[in-house]
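> Here it is, the structure in full.
The values are calculated or read from the model by the stated rules, or taken from the named source; none is laboratory data. Remember, it's a predicted structure, so these values are computed and weren't measured experimentally. With ideal geometry, Cβ positions are generated from the backbone for all residues, glycine too; neighbour counts draw on all protein chains shown. Ligands, DNA and RNA are excluded from the accessible area calculation, which covers all protein heavy atoms including side chains. Shrake-Rupley method; radii C 1.70, N 1.55, O 1.52, S 1.80 Å.
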Amino acid sequence: MPSASVSVPATSANLGPGYDSFGLALGLHNRFSAQPAEEWAVEIVGEGSDVLATDGTNRVARAMARVFQENGEPGRCAHIFCVNRIPPGRGLGSSAAALVGGMLLADALSEVPLGKHRIFEMATEMEGHPDNAAAALFGGLTLSWDDDGPRCVMVEPRGGLAVVVVTGANSLPTEESRALLPQSVPHADAAFNAARAGLLVAGLVLGREDLLAPGLADRLHQQYRAMAIPDFDAVRTVLLDAGAAGVVLSGAGPALIGLVAGTDDDAAFLAAREVARRAEGGIAALAERGTPAALRIDRAGAVVSLA
């Protein structure tokens with residue numbers, strides 16, 4: 001019986017000024033496998049195993065069903081096995097990983113594959129925004145926009161890049177975080193973000209580490225979301241003092257990431273490990289925070305294999 005498996009990276013969306021448009025794939029993965037079955041069933045090991053659905057309402061199953069429907073096979077079902085390392089509801093793209101993983105599994109099991117670009121469109125539709133889906137699918141740093149449908153482009157940083165992630169013990173649903181945002185913002189704040197988004201991309205493309213900190217500044221969403229994260233400033237200060245080039249909220253939070261640059265990805269990862277080590281004591285003094293973890297950048301995106 002044909003089966004398929006897929007590895008999907010965690011993602012950090014927004015990166016400060018790139019609200020709903022910038023996404024970065026991280027070296028932390030969920031692995032999904034599936035084979036055809038008479039009815040939906042989901043087995044979960046790891047993160048979220050105690051809270052995620054194990055029937056057809058599971059997000060991976062729903063994503064597979066969406067692709068089967070697109071391919072004219074609405075009655076197909078599958079037995080799915082999930083090995084989750086991305087914590088749900090923490091701002092590291094677990095929702096997008098599930099959607100991308102499920103869609104790629106169904107696509108691999110279909111007679112006429114849709115391809116990654118159509119899956120990107122459908123994942124964006126189900127997710128509601130393209131930033132996490134783009135990075136999860138294509139890897140690296142992605143910039144997304146809407147032009148009669150979602151579009152994205154990959155941007156290759158000139159130098160190496162890694163991150164230090166500090167997760168929160170409690171989840172913060174994206175819906176709750178978005179509810180904190182105002183309906184409108186001053187023109188000055190919009191202009192500020194336009195400049196900083198360009199500055200961030202310039203710093204990454206040119207390999208200018210000195211541009212990362214000012215390029216990560218934001219006035220559209222982070223200050224409002226931080227109201228639901230009492231230790232936001234404390235975590236940010238610890239990571240900056242430990243040597244991170246800049247620190248931002250990861251997606252809707254509560255996770256924060258510190259960017260670390262290097263001559264190449266290996267050098268950046270070694271530097272990130274040192275930043276994480278230096279930050280460990282300061283983070284441990286805060287309640288309900290995970291140990292700082294250094295992560296590489298995933299430049300490959302989701303990878304599918306058939307058996």
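> From (1) farther than 23 Å from VAL275 by Cα; (2) part of a helix (DSSP H, G or I), pick out the condition that doesn't hold for LEU172.
For LEU172, the failing item is (2).
> Follow-up question, since we're still on this one. Only residues that are small (Gly, Ala, Ser), open to solvent by less than 10 Å² (accessible area, probe 1.4 Å) and either within 18 Å of ALA96 (Cα to Cα) or assigned to a helix (DSSP H, G or I) (or both): list them for region 54-83, please.
Taking region 54-83 first, the residues small (Gly, Ala, Ser) are 56, 61, 63, 65, 72, 75, 78.
Checking the rest, the ones that are also open to solvent by less than 10 Å² (accessible area, probe 1.4 Å) come to 61, 63, 78.
Across region 54-83, the qualifying residues are ALA61, ALA63.
> Considering only residues that are farther than 28 Å from SER7 by Cβ and assigned to a loop (DSSP other than H, G, I, E, B), which ones fall in region 278-290?
ALA285, LEU286, ALA287, GLU288
> Follow-up question, since we're still on this one. Quick check: anything in region 250-263 assigned to a helix (DSSP H, G or I) and either surrounded by fewer than 18 Cβ atoms within 10 Å (Cβ to Cβ) or out of contact with any strand residue (DSSP E or B) (no Cβ under 9 Å at 6 or more places or on another chain) (or both)? Walk me through how you get there before you give the answer.
First pass over region 250-263, keeping only residues assigned to a helix (DSSP H, G or I): none.
No.
> Find the residue count for region 291-307, including only residues that are surrounded by fewer than 15 Cβ atoms within 10 Å (Cβ to Cβ) and either in a loop (DSSP other than H, G, I, E, B) or aromatic (Phe, Trp, Tyr) (or both).
The qualifying residues number 3.
> Can you confirm whether VAL275 is open to solvent by less than 40 Å² (accessible area, probe 1.4 Å), β-branched (Val, Ile, Thr), in a helix (DSSP H, G or I) and modelled with pLDDT of 95 or more? Before you say what the answer is, go through the steps one by one.
Details: open to solvent by less than 40 Å² (accessible area, probe 1.4 Å): yes; β-branched (Val, Ile, Thr): yes; in a helix (DSSP H, G or I): yes; modelled with pLDDT of 95 or more: yes.
So VAL275 fits the description; yes.
> Which pairs turn up if I take residues in region 88-110 that are over 20 Å from VAL248 (Cα atoms) and look for partners that are open to solvent by 20 Å² or more (accessible area, probe 1.4 Å) and β-branched (Val, Ile, Thr) with beta carbon separation below 6 Å, at least 6 apart in sequence or on another chain?
Pairs that qualify, where the first residue is over 20 Å from VAL248 (Cα atoms) and the partner is open to solvent by 20 Å² or more (accessible area, probe 1.4 Å) and β-branched (Val, Ile, Thr), are LEU104/VAL304; ALA108/VAL304.
> Name every residue in region 278-307 that is touching a residue at least 24 places away in the same chain (Cβ under 8 Å) and of a type in the set (D, E, K, R), in order of residue number.
Selection gives ARG278, GLU288, ARG289, ARG296, ASP298, ARG299.
> A further question on this structure: Kindly evaluate LEU141 against the criterion of being within 12 Å of the chain's Cα centre (by Cα) and closer than 28 Å to LEU240 by Cα. Step through it out loud before you land on a result.
On the way: within 12 Å of the chain's Cα centre (by Cα): yes; closer than 28 Å to LEU240 by Cα: yes.
The answer is yes for LEU141.
> Okay, moving on. When region 97-156 is examined, which residues are found to be more than 20 Å from GLN69 (Cα to Cα), open to solvent by 40 Å² or more (accessible area, probe 1.4 Å) and in contact with a helix residue (DSSP H, G or I) (Cβ under 8 Å, 6 or more places away or on another chain)?
Passing the criteria: MET154, GLU156.
> With the checklist (1) among the hydrophobic types (A, V, I, L, M, F, W, C); (2) without any contact (Cβ under 8 Å) to a residue 40 or more places away in the chain; (3) open to solvent by less than 20 Å² (accessible area, probe 1.4 Å) in hand, flag the one item ALA162 doesn't pass.
The one condition ALA162 does not meet is (2).
> Residues LEU172, LEU216, LEU137, LEU143: which one is in contact with a strand residue (DSSP E or B) (Cβ under 7 Å, 6 or more places away or on another chain) and within 25 Å of ALA293 (Cβ to Cβ)?
Working: LEU172 fails: in contact with a strand residue (DSSP E or B) (Cβ under 7 Å, 6 or more places away or on another chain); LEU137 fails: in contact with a strand residue (DSSP E or B) (Cβ under 7 Å, 6 or more places away or on another chain); LEU143 fails: within 25 Å of ALA293 (Cβ to Cβ).
After ruling out the rest, the residue left standing is LEU216.
> Then there is this: Say we look at region 194-229 and pick out the residues that are assigned to a helix (DSSP H, G or I) and among the basic types (Lys, Arg); which of these is surrounded by the fewest Cβ atoms within 10 Å (Cβ to Cβ)? Full working, then the answer.
Just the residues of region 194-229 that are assigned to a helix (DSSP H, G or I), to begin with: 194-206, 209-215, 222-228.
In the following step, the residues that additionally are among the basic types (Lys, Arg) were identified as 196, 225.
Details: ARG196: 21, ARG225: 23.
Within region 194-229, the match that is surrounded by the fewest Cβ atoms within 10 Å (Cβ to Cβ) is ARG196.
> Given the structure, is VAL51 in contact (Cβ under 8 Å) with a residue 12 or more places away in the chain and loosely packed, with under 15 Cβ neighbours inside 10 Å?
Working: in contact (Cβ under 8 Å) with a residue 12 or more places away in the chain: yes; loosely packed, with under 15 Cβ neighbours inside 10 Å: yes.
So VAL51 passes the test.
> In region 175-193, what residues are among the aliphatic types (A, V, I, L, M) and either open to solvent by 70 Å² or more (accessible area, probe 1.4 Å) or in contact with a Gly (Cβ under 7 Å, 6 or more places away or on another chain) (or both)? Before the answer, list the steps.
Here is the first cut: in region 175-193, the residues among the aliphatic types (A, V, I, L, M) are 179-181, 185, 188, 190-191.
ALA179, the sole residue that qualifies.
> Another question about this same structure. So how many residues does region 84-96 have that are assigned to a loop (DSSP other than H, G, I, E, B), hydrophobic (A, V, I, L, M, F, W, C) and in contact with a helix residue (DSSP H, G or I) (Cβ under 7 Å, 6 or more places away or on another chain)?
First, pick out the residues of region 84-96 that are assigned to a loop (DSSP other than H, G, I, E, B): 85-93.
Next, only the ones that are hydrophobic (A, V, I, L, M, F, W, C) stay: 86, 92.
Subsequent filtering for residues that are in contact with a helix residue (DSSP H, G or I) (Cβ under 7 Å, 6 or more places away or on another chain) retains 86.
Total satisfying the criteria: 1.
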